[in-house]
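**Q** After the structure tokens below, expect a handful of questions from me.
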Protein chains: 2
Amino acid sequence: MAREPGGGSPKYQRVADDLRARIKAGEFPEGRLPVERDLVTQYAPISQGTIRQALAKLRDEGLVESRVGSGVYVRSWRPIVRNALQRLSAEQWGGGRSMWDIDIEDRDLEVRDVQIEQLPAEPSVARALDIPEGELVWRRNRKYVVDGVAVMRSTEYIPDDLARGTRITQVDTGPGGVYARLADAGHAPVRYREEIQSRPPSAAEAADLQVRAPAPVAEVVRYAFDSADRVLTVNRMILDASRYLLQYDFPA
Amino acid sequence: MAREPGGGSPKYQRVADDLRARIKAGEFPEGRLPVERDLVTQYAPISQGTIRQALAKLRDEGLVESRVGSGVYVRSWRPIVRNALQRLSAEQWGGGRSMWDIDIEDRDLEVRDVQIEQLPAEPSVARALDIPEGELVWRRNRKYVVDGVAVMRSTEYIPDDLARGTRITQVDTGPGGVYARLADAGHAPVRYREEIQSRPPSAAEAADLQVRAPAPVAEVVRYAFDSADRVLTVNRMILDASRYLLQYDFPA
């Protein structure tokens, strides 16, 4: 074997690991991987089927993409760097800006399928908001598309007494969004908690974000608290994990 | 079909989604799933093979486990709640405690395969520590096992001028660990940054942590800074994502 990427695991996986390392090392500056017959030579003795399996694995991970008639390319997607502290600072929404201004810089953001409903809190939502089950809440559900790619589904819940009569109940919440409107009403968020779990997507999530197994999603749940430590909103976000770098700054 | 878990995706996946929802709703209080022939009845018309595929998916996700001769059970693993702010506070390591005291409470923690080396910084490490390539660094590599389960591999890099002559170069770093020793030497961490990406494991990582595809790992990279904004250490952690709930608190 001309290249020897370590033993123990299935051969296609070892080849995938080696190719991944070569991609990260910047070995393919034009972004184009060698054609299959060259990979067969490089990893000989190996079958073309095994090479294809390795490439399929990298494709599933979102690392490469096939361009019909042209070959396999390193995917050029730059991860969205999501700095929690900066994007959610009072300075940001207090200044009427969107938290997305920071994340995507010069990229194209589209918010799709905004759906607003008022409905009784189901048990998990009531628990998260620390309100009685069945109390009225507003649910704001939407999908975020960056540079034409669906990257996140967000479902936010706000208790009715905080949302009623404000633009939180409207598609366009106005400058600074939901947090700015809560601040207008005397409930400015003073702190947040985010909880992250990564896992394979459900079938519905995979279809919604066009994530292909085994690429994981990250489930990020954000709680916003006011100065009286009341939970103002809870936001359950499903992220295509391959699109994001989550960044948290905190003091010692 | 007695239970109709939505259309569009392969049948086994729809069954897996439905079973997952039932598990989360607490429908199996003893933790034992119905036996295969009962599941065939519940989801009829369906083959036993499809039921098995659905159960295999939940097993791969770490949600259920098979107990030989007994059936399929909801896995009883409680996620490790890793609160970044609490565990890394100066109060914690300054008091000589381990950050793990907070995460695992009453659980059994074992640190395995501690390996310490002094070596020249490779490019990615040099970049992360903001030092010239090839400068000497100490690498502390170890695996964390909680309740008998490998949950994390941690590889930490510390510049030689900060580590040399301290217990950072020893297996037992003493009370409060690496950060306390840096503080002793006048370089107390004052802030951290953690960056998170989730992805399928490499073959080596899957073997190391016994993660089975498509269960993802989370790669958490932590930078510690002193008051002069010097990068003191960079720690690259590979977590079995199914074992963790990552929690971050931050101000507005």
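The values are calculated or read from the model by the stated rules, or taken from the named source; none is laboratory data. Every value quoted in this text rests on a predicted model; they were computed, and no experiment measured them. Note that we place each Cβ from the backbone using ideal geometry, even for glycine, and neighbour counts take in every protein chain shown. For accessibility, only protein heavy atoms count, side chains too; no ligands or nucleic acids. Shrake-Rupley method; radii C 1.70, N 1.55, O 1.52, S 1.80 Å.
**Q** Projecting each Cα onto the charge dipole of the protein assembly as shown (Lys/Arg +1, Asp/Glu -1 at the beta carbon, about the Cα centre), which of B:Gly96, A:Thr155, A:Trp100 comes out farthest on the positive side?
**A** After comparing all options, I get A:Thr155.
**Q** Among rounded, prolate and oblate, which fits chain A when a ≥ b ≥ c are the square roots of the eigenvalues of its C-alpha gyration tensor, a/c under 1.5 means rounded, and a/b larger than b/c means prolate?
**A** Here chain A falls in the prolate category.
**Q** Something else now. Can you give the accessible area of A:Thr41, probe radius 1.4 Å, in Å² rounded to 10?
**A** Per-residue accessible area (A:Thr41): approximately 90 Å².
**Q** Quick one: grab the alpha carbon gyration tensor of segment A:208-249, order the square roots of its eigenvalues as a ≥ b ≥ c, and give me rounded if a/c is under 1.5, else prolate or oblate depending on whether a/b is larger than b/c.
**A** It is prolate, given that a/c is not under 1.5 and a/b is the larger ratio.
**Q** A further question on this structure: For segment A:56-100, with only Lys/Arg (+1) and Asp/Glu (-1) charged at the beta-carbon, what is the dipole magnitude about the Cα centre, in debye rounded to 20?
**A** The dipole of segment A:56-100 has a size of about 60 debye.
**Q** Using amide H atoms built in the peptide plane, which far-off residues or other-chain residues are under 5 Å from B:Val217 H to H?
**A** So B:Val217 has HN proximity to B:Arg199, B:Ala241.
**Q** So what's the gap between the Cα centers of segment A:40-98 and segment A:101-153, to the nearest angstrom?
**A** Value for the Cα centre distance between the two parts: 25 Å.
**Q** Please list the non-local residues whose amide H lies under 5 Å from the amide H of B:Leu232, H modeled 1.01 Å from N, same-chain partners needing a gap of 5 or more.
**A** Amide H neighbours of B:Leu232: B:Ala224, B:Phe225, B:Asp226.
**Q** HN-Hα J couplings of segment A:99-112 from phi, Karplus 6.51/-1.76/1.60, θ = phi - 60°, integer Hz, Gly and Pro as x?
**A** With coefficients 6.51, -1.76 and 1.60, one gets 5, 6, 3, 6, 5, 10, 6, 8, 8, 8, 10, 10, 9, 10 Hz.
**Q** Right, another one. With θ set to phi - 60° and the Karplus curve 6.51 cos²θ - 1.76 cosθ + 1.60, what are the ³J(HN,Hα) couplings of segment B:168-182 in order, to the nearest whole Hz, using x for Gly and Pro?
**A** Karplus values, whole Hz, x for Gly and Pro: 4, 8, 10, 4, 9, 7, x, x, x, x, 4, 5, 5, 5, 5.
**Q** Tell me whether the protein assembly as shown comes out rounded, prolate or oblate; compute the Cα gyration tensor, take square roots of the eigenvalues as a ≥ b ≥ c, and use a/c under 1.5 as the rounded threshold. Can you show the working numbers first?
**A** Details: a/c = 1.39, a/b = 1.07, b/c = 1.30.
Rounded.
**Q** Here's something else I'd like to know. Per residue of segment A:208-222, what does 6.51 cos²θ - 1.76 cosθ + 1.60 with θ = phi - 60° give for ³J(HN,Hα)? Whole Hz please, x for Gly and Pro, Karplus curve as stated.
**A** Calculated HN-Hα couplings, in order: 5, 9, 6, 8, 10, 4, x, 5, x, 9, 9, 9, 10, 10, 10 Hz.
**Q** Using alpha-carbon pairs under 8 Å, 6+ residues apart, how would you state the relative contact order of chain B in percent?
**A** RCO, chain B: 17 percent.
**Q** Between segment B:226-252 and segment B:159-194, what is the separation of their alpha carbon centroids in Å?
**A** Comparing the Cα centres of segment B:226-252 and segment B:159-194, I get a distance of 16 Å.
**Q** Next up: Which of the peptides A:58-65, B:107-114 is most tightly packed, and how do the rest follow, going by the mean number of other Cβ atoms within 10 Å of each residue? Write down the numbers at each step before the final one.
**A** Working: A:58-65: 19.1, B:107-114: 12.0.
Highest-to-lowest ranking by the protection proxy: A:58-65, B:107-114.
**Q** By how many degrees, between 0 and 90 and to the nearest 10, does the Cα long axis of helix A:48-60 differ from the longest principal axis of chain A?
**A** Computed tilt is about 20 degrees.
**Q** Provide the gained length on full extension for the span B:Arg78 to B:Ala90, in nm with one decimal, where the gain is 0.36 nm per separating residue minus the Cα-Cα distance.
**A** Values: separation 12, 0.36 × 12 = 4.32 nm, distance 2.71 nm.
Net length gain for the segment: 1.6 nm.
**Q** Got a sec? What order do B:Ser89, B:Ser124, B:Ser154, A:Ser76 fall in by accessible area at 1.4 Å, biggest, i.e. largest, first?
**A** Descending order: A:Ser76, B:Ser124, B:Ser89, B:Ser154.
**Q** A 26 angstrom limit on the alpha carbon distance is what I want to check against. Which of A:Lys11/B:Lys57; A:Lys57/B:Lys11; A:Lys24/A:Lys143; A:Lys11/B:Lys24; A:Lys24/A:Lys57; B:Lys24/B:Lys143 exceed it?
**A** A:Lys24/A:Lys143; A:Lys11/B:Lys24; B:Lys24/B:Lys143
**Q** Something else: Can you list residues whose amide H is under 5 Å from A:Val64's amide H, if they're 5+ apart or on another chain and H is modeled 1.01 Å from N?
**A** For A:Val64, the qualifying residues are A:Arg59, A:Arg75.
**Q** Same structure, new question: Over all residues in B:203-216, what is the mean tally of Cβ atoms on other chains that come within 10 Å of each residue's Cβ? Provide the component values of the computation, followed by the final result.
**A** Values: counts 14, 7, 1, 2, 2, 0, 0, 0, 0, 0, 6, 8, 5, 10.
Going residue by residue through B:203-216 and averaging, the value is 4.
**Q** Please find, in a Gaussian network model of chain A (springs between Cα atoms separated by less than 10 Å), the residue of A:Ala206, A:Ala228, A:Ala241 whose mean-square fluctuation is greatest.
**A** Highest fluctuation among the options: A:Ala228.
**Q** Tally Lys and Arg at +1 and Asp and Glu at -1 over the other residues with C-beta under 10 Å from the C-beta of A:Asp208: what net charge comes out?
**A** Once positives and negatives cancel, what remains is -1.
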